[in-house]
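The values are calculated or read from the model by the stated rules, or taken from the named source; none is laboratory data. Remember, predicted model here, so these are calculated numbers, not experimental data. Cβ placement follows ideal geometry from the backbone for every residue including glycine, while neighbour counts extend to all protein chains displayed.
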């Protein structure tokens, strides 16, 4: 289960609306104990300029910098979020090809710039596919 407080969840939704019709992305910072708990949401730049409407790329240098800062606080990157403009909140073939095990993948589908559906997924390395993860907004 991925637990996130309402204000951070709304921050992600606002970023999704603001970036529409392009994909936005960012990192979920927190703790991975008996349940994953998000303490911080860190928006990142989508470096995919050619296909920003349906692909995202997080720069590895930015990822590593945030990871280092996060570990100094005793936390870790527990997930990645991104939007799917006018597409379902389900992992695409591209998402599956680029997934890493151990992270939550929160996908926020936005339809016509307004309606948002958010779902979270975990990549099962053995099966080479995503499995849905429950989101608890508190």
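Within the range 1-23, work out how many residues are in contact with a strand residue (DSSP E or B) (Cβ under 6 Å, 6 or more places away or on another chain), closer than 22 Å to residue 86 by Cα and part of a loop (DSSP other than H, G, I, E, B).
Residues meeting the conditions: 3.
Got a number for residues in the range 54-79 being outside any helix (DSSP H, G or I) and either at pLDDT below 95 or out of contact with any strand residue (DSSP E or B) (no Cβ under 6 Å at 6 or more places or on another chain) (or both)?
7
On the basis of being in contact (Cβ under 8 Å) with a residue 40 or more places away in the chain and more than 16 Å from the chain's Cα centre (by Cα), does residue 114 make the cut?
Values: in contact (Cβ under 8 Å) with a residue 40 or more places away in the chain: yes; more than 16 Å from the chain's Cα centre (by Cα): yes.
The answer is yes for residue 114.
Only one of these is buried (at least 18 other Cβ atoms within 10 Å of the Cβ) and farther than 18 Å from residue 83 by Cβ: 26, 30. Name it.
From the options 26, 30, the qualifying one is 30.
Find the strands (runs of 3 or more DSSP E) located wholly in the range 82-138 whose residues include 3 or more that are surrounded by 15 or more Cβ atoms within 10 Å (Cβ to Cβ), and list them.
Of the strands (runs of 3 or more DSSP E) lying wholly inside the range 82-138, those with at least 3 residues that are surrounded by 15 or more Cβ atoms within 10 Å (Cβ to Cβ) span 104-111, 115-124.
Can you pull out every residue in the range 88-108 that is touching a strand residue (DSSP E or B) at 6+ places or on another chain (Cβ under 9 Å) and over 21 Å from residue 45 (Cβ atoms)?
88, 89, 90, 91, 96, 101, 102 - these are the residues of the range 88-108 that are touching a strand residue (DSSP E or B) at 6+ places or on another chain (Cβ under 9 Å) and over 21 Å from residue 45 (Cβ atoms).
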